[in-house]
Amino acid sequence: MKYSRLRGTQDIVPPEIETWRVVESAFQETFDRFGYQGIRTPIIEPTDLFVRAVGEESDIVSKEMYTFEDRGGRSVTLRPENTASVIRAYLEAGMHRWGGIQRLCYFGPMFRYDRPQAGRYRQFHQVGAEAIGSANPALDVEMIQVVIEAMERVGFKSIDIRLNSVGSEVSRRPYRKLLLEAIRDHGDDIGTDALERYTNNPMRIFDSKDYGDKLKQSLPVISDHLVDEDSEHFARVCALLDETGVAYTSDPHLVRGLDYYTRTVFEVYHGERGAQSALCGGGRYDALVEECGGPSTPAIGFSVGLERLIAALPHEREKARATGGVTYYVVCADEGAAPRALRAAGVLRALGNTEIDLSGRSKKKQLQAAEKKHARYAIVADSASAGRLTVRNLALRRDEDVSDEALAVYLEAERRKEGNET
Ligand code: HAM
């Protein structure tokens, strides 16, 4: 082979693509139910947008961005995430003047130049939502409900929601000092290089896999150092989740790798946490709209990594294949039967997914192909039986001789029968 795909990228080909379609429509249906409208932003943005929004010293900006100069000498970046772009678009479209809460959702590829491994790619896909324009703790709960409902629709029965508050800047500034002092007390265990790394954002230590729980447990946590407004907000979110029957785990060590977060943050895991990585991450970012040049506007959102979510769904994959495939497979036994086969396929498409076999191979081979595709019916057009089609129910292995004109009526009746049986 002359070319192969770049490391850390993937081709999503049939039948796998059907799973993607099923998963995406589960999210789309959920967004519709909750009143979220779609937004599409460019994959390429000015580099500065991410530097400002995600944070210059975050791993994403400092190590993982696909940044290059375009032919006009501008520094541009393939988006590593979509929240910054959505906020840019929100301001550029003047949505901040529309009043109320803007509820937006999106699907699309993101790019991070990370070391590829299971569940970590250089091009991956996110589905996400952002609700911009309210600091109400009930909106935090709504966001978590959206995630839960979408994941239930996809087929997840047990998900683990980890919740924390990282406070607003007012809480964080004094807490960072305190935390840094505590980290320095562990200087010998941590090493000078790492100490340097944590000077600007010591909270990252909780995200690091380099240190065991023992060290982390000994450090002060932000939840004990929130100013009243922040701790009240978090208490209200927790109370509302309790009152609406949403199960979650409070995780005082949960911090996020992007700098724009304020107050509520959450991650979603599936099954045992262990070495597993998050399927979803999100939280409030009450200062980002202003940081991007707009008026002070609180907001919250989440993104789900679709590759990770789909990899965690072995059973659903089979179901998705069954729902996305071909129902009617038209066998064209010889060249002379082509006009009738094409006409039959036209009729069948009004009833369901239809594929017509135009390979010119033998009737037997075409019928085998119909089985392999898990079609429900094979419809055989053969010049040897002019004006009549053979309809084979592939599951029951039953053949029925039907006139060309009666095909739709016959299959409609079959469908009703099937409907009654199930
Ligand atoms: P994030 O935690 O960086 O948050 O990414 C969200 C999800 O994207 C992760 O939980 C993971 O499933 C997936 N993901 C991230 N990196 C990779 C990768 N290299 N390969 C495969 N999957 C990956 C955000 O991106 C925020 N924009 C979420 C958000 C929206 N916060 C507020 N609004």
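The one condition from (1) over 22 Å from the mean Cα position of the chain (by Cα); (2) among the hydrophobic types (A, V, I, L, M, F, W, C); (3) more than 16 Å from the ligand (Cβ to nearest atom); (4) at pLDDT 95 or above that Leu215 does not meet is (4).
Going residue by residue through segment 122-131, is there one that turns out to be surrounded by 21 or more Cβ atoms within 10 Å (Cβ to Cβ), closer than 14 Å to Pro298 by Cα, more than 10 Å from the ligand (Cβ to nearest atom) and assigned by TED's automatic domain parsing to the domain that holds Ala26? Within segment 122-131 (the criterion being surrounded by 21 or more Cβ atoms within 10 Å (Cβ to Cβ), closer than 14 Å to Pro298 by Cα, more than 10 Å from the ligand (Cβ to nearest atom) and assigned by TED's automatic domain parsing to the domain that holds Ala26), the answer is no, since none of the residues qualifies. Checked against (1) part of a loop (DSSP other than H, G, I, E, B); (2) under 20 Å from Ala239 (Cα atoms), Val147 meets all criteria but (1). Each residue in segment 171-187 was checked for being surrounded by 13 or more Cβ atoms within 10 Å (Cβ to Cβ) and in a helix (DSSP H, G or I), and 10 pass.
Name the residue, out of Glu335, Glu414, that is at pLDDT below 95 and under 28 Å from Pro14 (Cβ atoms). First the steps, then the outcome.
Details: Glu335 fails: at pLDDT below 95.
Checking each option against the conditions leaves just Glu414.
Yes or no, residue by residue, for (1) modelled with pLDDT under 95; (2) more than 21 Å from Ala312 (Cα to Cα); (3) polar (S, T, N, Q):
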site: Arg97; (1), (2), (3): no, yes, no
site: Ile101; (1), (2), (3): no, yes, no
site: Leu104; (1), (2), (3): no, yes, no
site: Gly128; (1), (2), (3): no, no, no
site: Val147; (1), (2), (3): no, no, no
site: Arg153; (1), (2), (3): yes, no, no
site: Ser158; (1), (2), (3): yes, no, yes
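Listed here are the residues, each with its yes/no results for (1) in a strand (DSSP E or B); (2) in the same structural domain as Leu411 (by TED's automatic domain parsing); (3) closer than 16 Å to Gly325 by Cβ.
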{"site": "Arg343", "(1), (2), (3)": "no, yes, no"}
{"site": "Gly346", "(1), (2), (3)": "no, yes, no"}
{"site": "Gly352", "(1), (2), (3)": "no, yes, yes"}
{"site": "Glu355", "(1), (2), (3)": "yes, yes, yes"}
{"site": "Arg361", "(1), (2), (3)": "no, yes, no"}
{"site": "Lys365", "(1), (2), (3)": "no, yes, no"}
{"site": "Glu371", "(1), (2), (3)": "no, yes, yes"}
{"site": "Ala375", "(1), (2), (3)": "no, yes, yes"}
{"site": "Ala378", "(1), (2), (3)": "yes, yes, yes"}
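Taken together, the residues in segment 263-297 that are assigned to a loop (DSSP other than H, G, I, E, B) and within 11 Å of the ligand (Cβ to nearest atom) amount to 5.
All of (1) assigned by TED's automatic domain parsing to the domain that holds Glu307; (2) free of Cβ contacts under 8 Å to residues at least 60 places away in the same chain; (3) not in a helix (DSSP H, G or I) hold for Ala239 with one exception: (3).
The values are calculated or read from the model by the stated rules, or taken from the named source; none is laboratory data. Computed from a predicted structure; not experimentally measured. FYI the Cβ positions are ideal-geometry reconstructions off the backbone, even for glycines, and counts take in every protein chain you see.
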